Amino acid sequence: MIDLIRRITKWTNKTDPQKIAATLTGLREMMIANVQATFPEIVAMETQVKQVLDGEGVSVIDYPFYLSFARELWAKQRAGLSGDSLAIEAQTLIQKWVARGLAQPVLEVIRTQVFNISPIGP
């Protein structure tokens, strides 16, 4: 019972609106700077992906799924992965999205043309 009370107390304390407001006030400038630096990169990447999708004849209704793949790949690249490690992660993501119904050739074009990631060697 003590564990339950302690959990409820901790949750209540960390969700106090005044405490949250103070925390966000302290972080706001850094958060704004991060958004201003990151969003142009995301928009540029998504624009390139959409151009690939247009060129490959992908139906507009499928764009969100391909964009999700691209965002995942972008996040891995942004996290500092490169070389073979990034290529392996890209292949893993391709397999994941193929299993969800996307076209492997289109995903591979996105990987190569938008992210400049080479396929994994034989």
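Quick note: the coordinates plus some simple rules give every number you see, no bench work behind them. Source: prediction; values computed, not measured. In this analysis, Cβ positions are derived from the backbone assuming ideal geometry, glycine residues included, and neighbour counts consider all displayed protein chains.
How far apart, in nm, are two points set 7 Å out from the Cα along the Cα-to-Cβ line at T12 and at T112?
So the two model labels end up 6.1 nm from each other.
Which order, highest average first, do 101-110, 16-25, 83-92 follow once you tally other Cβ atoms within 10 Å for each residue and take the mean per peptide?
The peptides rank, most packed first, as 101-110, 83-92, 16-25.
Which one of S59, I88, Q18 has its Cα pushed farthest toward the positive end of the charge dipole of the chain, where Lys and Arg give +1 and Asp and Glu give -1 at the Cβ?
Q18
Checking a compactness column here: for the chain, what do you get for Rg(Cα) / (2.2 N^0.38 Å), N being the number of residues?
1.49
Let me have the 222 nm mean residue ellipticity of the chain computed from DSSP H runs of 4+ only, each contributing -39500 (n - 2.57), with the sum over all residues rounded to the nearest 500.
After summing the helix terms and dividing by the residues of the chain, the value is -25500 deg cm²/dmol.
What is the angle, in °, between the Cα long axis of helix 83-99 and the longest principal axis of the Cα atoms in the chain? Nearest 10 is fine, range 0 to 90.
Approximately 90 degrees, to the nearest ten.
Would you mind computing, in nm to one decimal, how far apart the modelled labels at S82 and Y63 are, each placed 7 Å from Cα along Cα→Cβ?
Using points 7 Å along Cα→Cβ, the separation is 3.2 nm.
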